[in-house]
Amino acid sequence: MLQGTAALGEAVAKDVKGIGYGGVGYFAERNDVKILHIKKDGNSPAISPAENNKVKYDVIWSGDYSISRYLYCFTNGEATGELKNYMDFILSPEGQKLVESMEYIPLPQSDKCELKAS
């Protein structure tokens, strides 16, 4: 059992037959692991989420790279007070820069994100 994506990257890099699955941000800048191109189906081109040690945000945001997913935040009703401030921060340009610095994929700049009570 590995303790997170960083450990997975290290294990795969050390094992010539190693294979793993994790967030592209953790692997894009590494030169000791190979990021595979993935086909959505038999008729689609193979797409890589990173090239030349850079994340290809456009293929992730567009869905062309077919095995990515969003991370969601849920609240018990409509967010208010400090929780709303936190949620607003996450969606702000400053919050999205932090997301990227933590090697996650920021939201597309064109997305109109809003808080919705569920």
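The values are calculated or read from the model by the stated rules, or taken from the named source; none is laboratory data. None of these values were measured; they are calculated from a predicted model. So basically every Cβ, Gly included, is an ideal-geometry build from the backbone, and we count neighbours across all protein chains shown. Please note that ligands, DNA and RNA were not included when accessible areas were found on the heavy atoms of the full protein model with its side chains. Shrake-Rupley method; radii C 1.70, N 1.55, O 1.52, S 1.80 Å.
Looking across 86, 70, 57, one residue alone is aromatic (Phe, Trp, Tyr), at pLDDT below 90 and out of contact with any Ser or Thr (no Cβ under 9 Å at 6 or more places or on another chain). It is 70. Can you tell me which residue within the range 12-50, out of those that are in a loop (DSSP other than H, G, I, E, B) and among the aliphatic types (A, V, I, L, M), is least open to solvent (accessible area, probe 1.4 Å)? So the residue we want is 28. How many residues are open to solvent by 60 Å² or more (accessible area, probe 1.4 Å) and either within 28 Å of residue 5 (Cβ to Cβ) or at pLDDT 90 or above (or both) if we restrict to the range 92-112? Total satisfying the criteria: 12. Just so you know, in the range 51-90 the residues that are assigned to a helix (DSSP H, G or I) and touching a residue at least 24 places away in the same chain (Cβ under 8 Å) include one that is farthest from residue 31 (Cα to Cα), and it is 84.
When residue 77 is tested against (1) surrounded by 11 or more Cβ atoms within 10 Å (Cβ to Cβ); (2) over 22 Å from residue 23 (Cα atoms); (3) not polar (S, T, N, Q), only condition (1) is not met. Does residue 9 satisfy the condition of being open to solvent by less than 40 Å² (accessible area, probe 1.4 Å), more than 19 Å from residue 109 (Cβ to Cβ) and touching a Lys or Arg at 6+ places or on another chain (Cβ under 7 Å)? Taking the combined requirement at face value, the residue satisfies it.
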